[in-house]
Amino acid sequence: MASQSRAYNPISHPLLFLFQFVQWLLDKLLSPNPPGPSTRLSRPNIAVIGAGITGVTSAAHCIGHGFDVTIFEAGDADQLGGIWSRVNNTSALQIHSVMYRFHPSVQWERGYPDRQQILSQVRELWRRYGLESRTRFQTRVDRVYQDKGGRWIVNDPSLGAFDGVISAIGTCGEPKIPHMPGMDTFGGDIHHSSQLTGACSARDKTMIIIGGGASAVEALEFAHEEGASKIYILARSDKWIIPRNPIWNMLLAMNVFGQETFLSWIPELLLRKMFYRDLEDLAPANKGIFTDTPMVNSDIMEKLRSKRAEWIRCDIEGFTERGVKINRRSKGVPVGGPGRQDEIEGDVVVMATGYARPKLDFLPDSCFDKPYDPPNWYLQTFPPHHPSISCINCTYKNAIGTVGNWHIGIYTRILLMFLVDPLTRPSPFWMKRWIDMTRVLKMASPVGPFDFFTYLELVWWFAFCVAFNPFRWKWALFVFFGLGFMLPGHVVAIEDKIRNGLGVRAERSSGEDVGLSL
């Protein structure tokens, strides 16, 4: 994959050269070797649902450790890469690439790669691990169930039987465009924020962006790149914006509590005074930074200071022939509160209103038993009744510095550990107790216990998962770094002989996964 990146001169660009060297070293140390063409892959056989970043990465980890996979993707080959295959060419990563190494072999050129480089890395990973022949495109998954032997069936038996399932459908489905009064009367064009490249002409025009999240930032970048004369961002609610600075990003992610604490006012004050500065009015008044996923962008502040872009806190009341009618609100006034009526005139309206969330309803009904329904699962990913299912990156709501990172590999290897070693597989009782413990530890959280988490809290989850179970200690290097699979594998083989000699078998019964570990 290094061929995809330009090598920097160590004299003129020492930091970028060091960045590339570290990436090369991590690739050599931590990337599992792709199997040769004659290599026979063994069970467990994993079904991976979704061919986005998470699906391709988790499948590559399985293949690299000698286990076969089949990827099921509802779209065609152009959908490889998930949401990144469906956004604008100007879209770029909103978190530093140091924190977005979704596989050890990824080779970033710079801190904030754009759509094209991200897709090239995903496609290279897909090819490198021989996933072309293991991907079923245009195969929508409607049902996942267990046969009489406890193996997983995807849709129907003709597609095979699997020992484990990785759901990697993500959080972004189809573009969401809510109907608003007067849309039919507007004299200009209306586009979704993900469908601007090749469809929207913004040069010398006034663009109105409805929405105040990450999609709005991407639309702003597109409008600026295309040469729009004026850009209005109409935001209903306030979201935190943090600078494109890896030090800032990592420090904010180092919150082991994963929630607002009595010290959270310190980073929030520093952001207001050092980053927002004269634009402090845009910072949220009554929302802590550890309650919602912040936007990561420094350029937006410069665009706002240049007066070329204007951020307006408001409620959308409807469209007119010339623009959008709004209710302007002051800082601290809640959504729908008192304000001042105004009309924002423009030539193009961009609906930065996000995406419909894909549903997990193809999973068994037992995965949704309250109060242990998603995201209230073991490690937020494993349904308590089915440790052979892992829903990676598709149950989370908000986080800082986590989604898309190396934890994809850890979650995948935890699943492989559960499948290979019966003594590590947790029972429903203990999975539920871990969920209850997390609820107790986060009783003071202003949001749900699993609605927001940080990087350090995620590390604590993983450490707890391994450290508090002696049967998993031998798997630690494998789970965290992908190293040393052969040693615990041999130990499990010996344990199997002992169990079989004693007449103790760890086969799954019909319709339910059997967990034996503490």
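On the protein heavy atoms, probe 1.4 angstrom, tell me the percent of accessible surface of the chain carried by carbon and sulfur. Walk me through the intermediate numbers first.
Details: 12670 of 22390 Å².
Its accessible area is 57 percent carbon and sulfur atoms.
Taking the C-alpha atoms only, the angle from helix 407-420 to the longest principal axis of the chain is near 20 degrees. Taking each residue as 0.36 nm, the span from residue 30 to residue 89 lengthens on full extension beyond its C-alpha to C-alpha distance by 18.1 nm. Rounded to the nearest 20, the size of the Cβ-charge dipole of the chain about its Cα centre is 1040 debye, with Lys and Arg at +1 and Asp and Glu at -1. Computed over segment 42-90, the convex hull of the alpha-carbon atoms projects to a mean area of 3.6 nm².
On the beta carbon distance between residue 335 and residue 250, with R0 = 45 Å, the FRET formula returns roughly 0.90.
Evaluate E = 1/(1 + (r/R0)^6) for residue 486 and residue 365, where r is the Cβ-Cβ distance and R0 equals 30 Å; express this FRET efficiency to the nearest 0.05.
Numbers: r = 39 Å, r/R0 = 1.29.
Efficiency, rounded to the nearest 0.05: 0.20.
Modelled spin-label separation between residue 280 and residue 430, with each label point placed 7 Å from Cα along the Cα-to-Cβ direction: 5.2 nm. Given segment 114-242 reduced to its alpha-carbon atoms as identical point scatterers, what log10 I(q)/I(0) does the Debye formula return at q = 0.16 Å⁻¹? So the normalised log intensities are -0.97. The string of couplings for segment 434-441 from the Karplus curve (6.51, -1.76, 1.60, θ = phi - 60°) is 5, 4, 4, 4, 5, 4, 5, 5 Hz, one whole number per residue in order, with x for Gly and Pro.
Calculated mean residue ellipticity, 222 nm, the chain: -8500 deg cm²/dmol, from DSSP H runs (n ≥ 4) at -39500 (n - 2.57) each, averaged per residue and rounded to 500. In this structure, the residue pairs whose Cα-Cα separation is over 29 Å, taken from 230/331; 370/474; 28/497; 287/307, are 370/474; 28/497. Using Cβ point charges alone (K and R +1, D and E -1), the dipole size of segment 169-229 about the Cα centre works out to roughly 100 debye.
Heavy-atom accessible surface of residue 307, to the nearest 10 Å², is about 150 Å², with a 1.4 Å probe and all protein chains retained.
In plain terms, if you count all Cα to Cα distances in segment 109-167 and split them into 5 Å steps from zero, the share in each step is 4, 14, 18, 17, 14, 13, 9, 6, 4, 1, 0 percent. Ligands, DNA and RNA are left out, and with a 1.4 angstrom probe the accessible area of the chain is 43 Å² per residue. Extension gain, residue 270-residue 342: 0.36 nm per intervening residue step, less the Cα-Cα distance, totals 22.6 nm.
Stretching the chain fully between residue 137 and residue 156 yields a gain of 5.2 nm (0.36 nm per residue, less the alpha carbon separation).
Each Lys and Arg contributes +1 and each Asp and Glu -1, all at the Cβ; summed about the Cα centre of segment 255-402, the dipole is approximately 380 debye.
Note on segment 296-377: Cα-Cα pairs beyond 22 Å make up 54% of the total pair count.
Computed on the Cα atoms alone, the convex hull of segment 366-446 gives a volume of 99 cubic angstrom per residue.
Compactness of segment 59-146, taken as the C-alpha radius of gyration over 2.2 N^0.38 Å, stands at 1.19. Over all projection directions, the Cα-based convex hull of segment 175-280 averages an area of 9.3 nm². Both numbers refer to the Cα atoms of segment 268-416; Rg and Dmax are 20.9, 58 Å. Inter-label distance, residue 497 to residue 306: 7.1 nm, where each label sits 7 Å from its Cα along the C-beta direction. The accessible-area ordering, largest first, of the residues 330, 390 stands as 330, 390, per a 1.4 angstrom probe.
For segment 6-46, the share of alpha carbon pairs falling in successive 10 Å distance bins from zero is 24, 29, 22, 16, 8 percent. Here the chain yields Rg over Rh of 0.99, to two decimals, using C-alpha coordinates and the Kirkwood radius.
Where a ≥ b ≥ c are the square roots of the eigenvalues of the C-alpha gyration tensor, would you call segment 2-121 rounded, which needs a/c under 1.5, or, failing that, prolate if a/b is larger than b/c, or oblate? Oblate. Cα centroid separation, segment 48-113 to segment 307-332: 36 Å. Here the spin labels are modelled as points 7 Å beyond Cα on the Cα-Cβ line, and at residue 195 and residue 469 they lie 4.5 nm apart.
The values are calculated or read from the model by the stated rules, or taken from the named source; none is laboratory data. Note that the coordinates shown come from a computational prediction; the quantities given were computed from them, not determined experimentally. All Cβ positions, even for glycine, are placed from backbone atoms using ideal geometry, and neighbour counts span all protein chains on display. Side chains are part of the model used for accessible areas, which takes the heavy atoms of the whole protein and leaves out ligands, DNA and RNA. Shrake-Rupley method; radii C 1.70, N 1.55, O 1.52, S 1.80 Å.
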